[in-house]
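Have a look at the structure below before the remarks.
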Amino acid sequence: MSDDSSRSKYYSRSTLSPPRSASQESQRQTDTPSPSSTSTHLSTPNSLHSSSLLHDPTSGAAVGKHKSAFLPYRPQATVLTNLQRGNTEATFCPVEVKLSFHERAGQGEITEDQVEFEKQQNIDSRDAFGFTPLHWACYYGQFAAVQLLVEAGADVDSEAPEMVTPLLLAASGGHHEVARYLLERGANSSHMDIVGNTPLMYAVVGNHPHTCNELLTKDPDMTATNENGDTAYSLAVEYGATLAQAVLEQYLTAILSV
């Protein structure tokens, strides 16, 4: 489940190059896309900071553009979707798209048997771009898949390129139930990515109040800054993340009144 709005911009000096340029990426949808029950191929992950770090205000990049670590999952124009619209006649499609375990985790279509098999191999195996199945499941907000993977021993603090953890991806997408579960299982709520952004900063810039609430239960350092000198609160103000800002203000007021 995701919070109601999703905006995130991040700036990085990283030299890592994504498989596709940022201009080829689609803007992330507000709600979490529902993975298709058909074998629709998930988008390939991209380097997070090459496309979605809080951008440099002097760079001229558009404010409020959310470019995520993975390309948004959008089902192709399959016969099934066209049939639902009444636009085509049913035809048999002999082509079967085979998904990797990582992609199935992103779709939420992994089974206990599959997880057990991967556990015998390496539950934290990395794809060609350094992401684990848990990264995929957290990015797409697949709570059941996240549970299966973590219970099988997946590392909740596993770092993908540029020090991206599953919690950072869950926070960026506003998947507060996933974020809560990761925190309960010991995920580091104060972890910083390669340019110093925390999970709370990701949640704030995305304007995800519920995710902010989950992260605030761990009493994060509100004075923590990234390489640009931004705090979570200053980012909320800068990006007009009013819902997240209200949550932070309530939290700060409660602290000061003690």
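No value in this document is a laboratory result; all are computed from the given coordinates. Everything quoted here is computed from the prediction, not taken from an experiment. Cβ: placed from backbone, ideal geometry, glycine included. Neighbour counts: every protein chain shown.
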message: Cβ neighbours within 10 Å, averaged per peptide: list 238-248, 159-169, 203-213 in order, most packed at the top.
response: 203-213, 159-169, 238-248
message: If each residue of separation counts as 0.36 nm, what is the full-extension length gain between T242 and D221 once their alpha-carbon separation is subtracted?
response: 5.5 nm
query: From the Cα gyration tensor of segment 192-246, with a ≥ b ≥ c the square roots of its eigenvalues, which class applies: rounded if a/c is under 1.5, or else prolate if a/b is larger than b/c, or else oblate?
result: oblate
